[in-house]
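Report on the following structure.
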Amino acid sequence: MAKKGSYIVDYFNNRGFFGLSLLVLVILAVIASGNFEVPQRGYGTLHNISTWISSNDTSCFVAVLCNIVIGVLLITLNIMYRYIKTYNCFVFAAVFVLLQGVNPFLSTRFFAGTALCLVVVVSLLFLFDLYGKQQLASQGVFLVMALLSFFSIYHYVFLLLVPLFIVGFAYMRAINLRTVLAIIFGLATPYWIALGTGLESITSFQAPELSLVWSEAPTFAGKSWAVSVAIAITALTVLLTVGNFKTMLNYSVHVRAYNNFFVALSVFVLLLMIVDYNDFLFYMPLMNLCFAIQFGHWYVVTRHETRQAVTMWLMVAMLTAYIVAMAIV
């Protein structure tokens with residue numbers, strides 16, 4: 001006989017609920033699309049990512065599509081590498097999608113934060129595949145670095161991830177002379193192609209202006225709401241990470257390596273949000289991702305009754321946050 005509450009718990013953790021979360025994301029984004037604007041600050045070494053899309057409707061469509069792709073990739077990654085205890089875990093990806101959906105700043109416009117989260121998740125496909133392939137790791141390392149380097153052409157924030165992924169290579173035991181060379185060539189190749197083929201001029205190159213990080217950001221409607229949500233999600237991520245630490249110690253060596261990277265990502269994103277506080281929205285999709293990963297760990301090892309109640313209250317809290325955002329903007 002099924003445990004009390006197990007049917008609801010099983011529903012939260014199946015494909016149907018994940019599919020429902022995708023539908024909710026679309027509906028919430030469409031409702032809020034005309035009311036919210038994301039401050040676009042910062043630029044890349046040659047171009048500005050904010051110039052990619054001028055139409056608000058197109059920007060909303062691309063943002064929603066990117067969030068859907070990220071959710072699907074998170075599930076695919078877990079099926080491939082099982083960084084959460086069970087491969088058939090869907091609730092964490094649903095939580096990520098819903099967190100993005102209830103925050104109109106993240107779901108109604110495509111901006112650097114959306115691209116940053118998508119690039120990180122795509123890079124994980126290459127990063128996690130490196131484990132146990134030390135002698136064959138250079139190709140994956142090159143691809144990750146080339147991807148980050150290419151997007152740095154459009155926004156400086158992608159360069160900030162380079163040290164984090166070097167730490168990730170160390171977790172995957174992929175650091176050797178070949179991979180060091182792959183890091184260097186991966187970072188240089190997009191610029192080599194752009195400048196060497198004449199697609200870009202060396203005179204167009206502009207170094208990231210670090211003073212922009214501490215310069216006063218323009219105010220925008222709903223900023224206090226966005227800051228409050230960011231603080232809440234960050235605090236919950238820290239609490240869940242600490243609470244899950246003992247559980248993760250019991251995982252196999254290679255699974256611990258994957259989860260060590262997610263912990264490092266959480267710490268790194270937290271530091272970036274503190275230092276680059278004016279542009280905290282850039283890092284919110286990644287923080288939502290880190291929270292979702294830790295929630296997934298907690299969910300699969302917790303009693304039915306507890307996770308049913310907590311998950312339901314989490315859904316209520318997210319819906320309430322969305323209603324408040326719509327009311328104040």
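The values are calculated or read from the model by the stated rules, or taken from the named source; none is laboratory data. As the structure is a computational prediction, the values presented were derived from the model and not from experiment. Note: ideal-geometry Cβ built from the backbone for every residue, glycine included; neighbour counts use all protein chains shown. Ligands, DNA and RNA are excluded from the accessible area calculation, which covers all protein heavy atoms including side chains. Shrake-Rupley method; radii C 1.70, N 1.55, O 1.52, S 1.80 Å.
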### Message
Contact list please: Cβ distance under 6 Å, first residue in the range 52-73 and over 30 Å from Y87 (Cα atoms), second residue among the hydroxyl-bearing types (S, T, Y), pairs at least six apart or on different chains.
### Response
I53/S59; C60/S33; C60/T108
### Message
Could you tell me how many of the residues in the range 303-326 are open to solvent by less than 50 Å² (accessible area, probe 1.4 Å) and not aliphatic (A, V, I, L, M)?
### Response
6
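Give A194, A188, A207, A170 a once-over and let me know the one that is over 22 Å from F110 (Cα atoms), part of a helix (DSSP H, G or I) and modelled with pLDDT under 90.
Values: A188 fails: modelled with pLDDT under 90; A207 fails: part of a helix (DSSP H, G or I); A170 fails: modelled with pLDDT under 90.
Sole residue among the options that is over 22 Å from F110 (Cα atoms), part of a helix (DSSP H, G or I) and modelled with pLDDT under 90: A194.
Take L181 and decide whether it is assigned to a helix (DSSP H, G or I), more than 30 Å from L23 (Cα to Cα) and free of Cβ contacts under 8 Å to residues at least 40 places away in the same chain.
Numbers: assigned to a helix (DSSP H, G or I): yes; more than 30 Å from L23 (Cα to Cα): yes; free of Cβ contacts under 8 Å to residues at least 40 places away in the same chain: no.
It is false that L181 is assigned to a helix (DSSP H, G or I), more than 30 Å from L23 (Cα to Cα) and free of Cβ contacts under 8 Å to residues at least 40 places away in the same chain.
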### Task
Take the range 143-160 and flag every residue that is modelled with pLDDT under 90 and either open to solvent by 30 Å² or more (accessible area, probe 1.4 Å) or out of contact with any helix residue (DSSP H, G or I) (no Cβ under 6 Å at 6 or more places or on another chain) (or both).
I153, Y154, Y156, L159, L160
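Condition check ((1) modelled with pLDDT of 95 or more; (2) polar (S, T, N, Q); (3) open to solvent by less than 50 Å² (accessible area, probe 1.4 Å); (4) touching a His at 6+ places or on another chain (Cβ under 9 Å)) across all residues:
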| residue | (1), (2), (3), (4) |
| --- | --- |
| V227 | no, no, no, no |
| T234 | yes, yes, yes, no |
| N244 | no, yes, yes, yes |
| M248 | no, no, yes, yes |
| V253 | no, no, no, no |
| A264 | yes, no, yes, no |
| Y277 | no, no, no, no |
| C290 | yes, no, yes, no |
| V301 | no, no, no, no |
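Would you check if S21 is hydroxyl-bearing (S, T, Y), modelled with pLDDT under 75 and open to solvent by less than 50 Å² (accessible area, probe 1.4 Å)? Explain how you work it out, then say what you get.
Numbers: hydroxyl-bearing (S, T, Y): yes; modelled with pLDDT under 75: no; open to solvent by less than 50 Å² (accessible area, probe 1.4 Å): yes.
When the stated conditions are applied, S21 does not pass them.
Select, from L130, L98, the only residue that is touching a helix residue (DSSP H, G or I) at 6+ places or on another chain (Cβ under 8 Å) and either without any contact (Cβ under 8 Å) to a residue 24 or more places away in the chain or within 30 Å of S55 (Cβ to Cβ) (or both).
Values: L130 fails: either without any contact (Cβ under 8 Å) to a residue 24 or more places away in the chain or within 30 Å of S55 (Cβ to Cβ) (or both).
Exactly one residue qualifies, and that residue is L98.
When you scan the range 211-224, do you find a residue that is at pLDDT 85 or above, more than 30 Å from L130 (Cα to Cα) and either more than 18 Å from the chain's Cα centre (by Cα) or open to solvent by 10 Å² or more (accessible area, probe 1.4 Å) (or both), even just one?
Kept after step one, since they are at pLDDT 85 or above, are these residues of the range 211-224: 224.
In the following step, the residues that additionally are more than 30 Å from L130 (Cα to Cα) were identified as 224.
Retained after the next criterion (residues that are either more than 18 Å from the chain's Cα centre (by Cα) or open to solvent by 10 Å² or more (accessible area, probe 1.4 Å) (or both)): 224.
The answer is yes; a qualifying residue exists.
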### Message
I need the full set of residues from the range 281-326 which are under 19 Å from G113 (Cβ atoms) and aromatic (F, W, Y), in order please.
### Response
F282, Y283, F291, Y322
### Close pairs from the range 313-326: first at negative phi, partner open to solvent by 30 Å² or more (accessible area, probe 1.4 Å) and part of a helix (DSSP H, G or I), Cβ under 8 Å, at least 6 apart
A321/V229; M326/I31
### Query
Got a sec? Which of G140, G132 is at positive phi and either open to solvent by 10 Å² or more (accessible area, probe 1.4 Å) or over 16 Å from the mean Cα position of the chain (by Cα) (or both)?
G132
### Task
Assess whether F282 counts as being closer than 17 Å to T241 by Cβ and either among the aromatic types (F, W, Y) or free of Cβ contacts under 8 Å to residues at least 24 places away in the same chain (or both).
no
#### Entry: Evaluation of L270 against (1) surrounded by fewer than 20 Cβ atoms within 10 Å (Cβ to Cβ); (2) out of contact with any Ser or Thr (no Cβ under 7 Å at 6 or more places or on another chain) (one fails), failing number
(2)
### Query
Of all residues in the range 91-113 being of a type in the set (A, V, I, L, M, F, W, C) and over 19 Å from W313 (Cβ atoms), which is surrounded by the most Cβ atoms within 10 Å (Cβ to Cβ)?
A112
### Query
Tell me, which residue of the range 161-174 that is among the aliphatic types (A, V, I, L, M) and surrounded by fewer than 22 Cβ atoms within 10 Å (Cβ to Cβ) is farthest from L187 (Cα to Cα)?
A170
### Task
Under 6 Å between Cβ atoms, at least 6 apart or on separate chains: pull out the pairs that start in the range 157-178 with a residue that is farther than 30 Å from I49 by Cα and free of Cβ contacts under 8 Å to residues at least 24 places away in the same chain and end on any residue that is buried (at least 16 other Cβ atoms within 10 Å of the Cβ) and not charged (D, E, K, R).
I175/F169
